[in-house]
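Below is one structure, written out as structure tokens; comments come after it.
The values are calculated or read from the model by the stated rules, or taken from the named source; none is laboratory data. Just so we're clear, the structure is a prediction, and the values are computed from it rather than from any experiment. Neighbour counts run over all protein chains shown; Cβ positions are idealised from the backbone, glycine included.
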């Protein structure tokens with residue numbers, strides 16, 4: 001039996017080459033196994049979105065237009081975040097400085113379309129892992145019915161952050177910098 005120090009790191013098997021790492025991505029194998037996996041879509045992430053998801057300096061500030069399920073207007077915590085219909089959204093950081101709220105209209109539309117296409121509920125994941133460690137921010141579930149639910153889970157997850165910042169580091173050179181959101185049909189996963 002291997003001792004703890006002798007157990008290879010989870011990424012060790014994939015460190016042989018960049019090709020091995022890329023072949024482990026959801027989008028690389030999904031079509032091959034489409035008959036035995038939940039119906040899913042893959043939404044490429046721009047470097048700007050990946051940077052937003054990796055950045056934890058501002059906590060969780062949802063991009064403009066991304067609402068959580070059950071939301072009926074603006075969320076407010078001591079008026080630190082507010083939005084008006086004129087698009088003047090801002091966030092006050094810990095030092096009291098106004099910070100622009102990010103905008104990702106293409107991602108927003110892709111997530112809305114994907115959620116609708118997959119029956120109204122999805123289970124999000126990135127290239128290699130799902131945000132299992134962040135289910136607590138979504139009522140203990142990974143079921144997402146709005147783009148805001150998806151982004152909140154991904155932004156809150158250390159697993160997702162690792163996918164975006166470190167998983168590609170298993171290959172020393174030419175590591176992929178772009179991530180992708182894979183959204184699986186939530187009904188197929190028993191998340192009804």
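In segment 170-180, is there at least one residue being crowded, with 23+ Cβ neighbours inside 10 Å and at pLDDT below 80?
yes
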Practice item. Kindly indicate which of 89, 50, 12 is closer than 29 Å to residue 143 by Cβ, at pLDDT below 85 and either surrounded by 11 or more Cβ atoms within 10 Å (Cβ to Cβ) or touching a helix residue (DSSP H, G or I) at 6+ places or on another chain (Cβ under 9 Å) (or both). Key: 89
Check your understanding: Condition test on residue 27, is it at pLDDT below 75, surrounded by fewer than 17 Cβ atoms within 10 Å (Cβ to Cβ) and within 20 Å of residue 127 (Cβ to Cβ)?
Key -> no
Review point. Somewhere in segment 140-163, is a residue touching a helix residue (DSSP H, G or I) at 6+ places or on another chain (Cβ under 7 Å), surrounded by 14 or more Cβ atoms within 10 Å (Cβ to Cβ), at pLDDT below 65 and assigned to a helix (DSSP H, G or I)?
Key: no
Exercise for review: Would you please name the residue that is modelled with the lowest pLDDT, looking only at residues in segment 55-74 that are surrounded by 14 or more Cβ atoms within 10 Å (Cβ to Cβ) and in contact with a strand residue (DSSP E or B) (Cβ under 7 Å, 6 or more places away or on another chain)?
Suggested key: 58
